[in-house]
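Quick notes on the structure that follows.
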Amino acid sequence: MASDNLPSKLAIATYIGTGNGRSIYDIAEHFGISVRTAYRFLDRLQAEGYPLTNEERRNGREKLWTMLDVHRDKYGNALPSSEFSQEECILLHYIMAELKKNEDVLPSFKSVRNKLASVLSQKSVAFPSLDYSKSISRKLFPIENISTISKIASKETQLIVKQLLKAISGQNCVSMKYHVPNKASALEVKNISPVFAFFYDGGMYLQALLEDGTLRTYAIERIETVCIVKDSIALKPDFDPYGLLTDPFGPFIGKEKIEARVWIATSQVKYVKERKWPESVTIRDNEDGSAIFEVTTYGEWEFVNWILSMRSQAELLEPEWLRNKVSSILDQTASLYHTH
């Protein structure tokens, strides 16, 4: 069996995915291959994105290899949990992973995957989330089907989400009633373009474009009703909303893309470097022990709060417009203390 042979890989992945787990010796004996070859297959399958693990199960002293399902996958590579046979799940995972590798078809791939995810979500079927890197925090993940939130959302909220996902997939506008804290009646929100639904730190949110192109974030739990506007065409954002999943200061975003440079004092460099940053971050050391932190982000609110949390040990150098905003915040804060 050649490790780059698709039928062989599918056969081994299917064998691992059935039952309660397989040891490396089970795999070798079942397929008549050496243990070394069996390990080579596993390495190849993991490199191609198959969610395999041997961390949780043991048979005596032997580790058992299993295929993670949608409820246990800590990497975001979920497989359909129903409607498909195990072999069909694995084959679908392989097809989508291979398509994703081709940059020329990536936009079409995402469109097809999102539409298919929306259709499957109506049957409560999970669909593979292959767009996201393994470093994404699991407290932040996209809501792409009902099964994603089935254990954490009420039936009413699930119906709201189902309508929002349908609008996103069909690129339609919606109108909704939105409860605003400290107001007796719900706010009427008309003709907005849903862009992205996500779960973050215990809450569910919707990002949508207003008619003037402004992006707003709504708490899904506060949406009382939602209605798809018939024959409408939604606005499209000028950026990839899924990229916000790897934004170190997302997902609540400002109006502008921020290309920032921050001076970090020597006393803070160690702590800043200890944090796991995505590829959009660069940290360059200075000769005096300080550092220059460079980032691309849309998350203005969290980014500014992060800078302010280091007080005099950090200085925003660029962009100038945001530097002025930080300066204004500091002036307003100082005035509170000067008046007492």
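The values are calculated or read from the model by the stated rules, or taken from the named source; none is laboratory data. What you see is a predicted model; the values in this text were computed from it and never measured. In this analysis, Cβ positions are derived from the backbone assuming ideal geometry, glycine residues included, and neighbour counts consider all displayed protein chains.
Here are the numbers for the structure shown:
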item: Selected residue [more than 26 Å from residue 215 (Cβ to Cβ) and either outside the structural domain of residue 217 (by TED's automatic domain parsing) or surrounded by 13 or more Cβ atoms within 10 Å (Cβ to Cβ) (or both)] from 294, 287; result: 287
item: Number of positions in segment 265-284 that are surrounded by 12 or more Cβ atoms within 10 Å (Cβ to Cβ) and either in contact (Cβ under 8 Å) with a residue 60 or more places away in the chain or basic (Lys, Arg) (or both); result: 2
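So that you can scan it fast, the table gives a plain yes or no per residue for (1) closer than 29 Å to residue 295 by Cβ; (2) assigned to a strand (DSSP E or B); (3) in contact (Cβ under 8 Å) with a residue 12 or more places away in the chain:
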{"position": "190", "(1), (2), (3)": "no, yes, yes"}
{"position": "198", "(1), (2), (3)": "yes, yes, yes"}
{"position": "207", "(1), (2), (3)": "yes, yes, yes"}
{"position": "212", "(1), (2), (3)": "yes, no, no"}
{"position": "244", "(1), (2), (3)": "yes, no, yes"}
{"position": "251", "(1), (2), (3)": "yes, no, yes"}
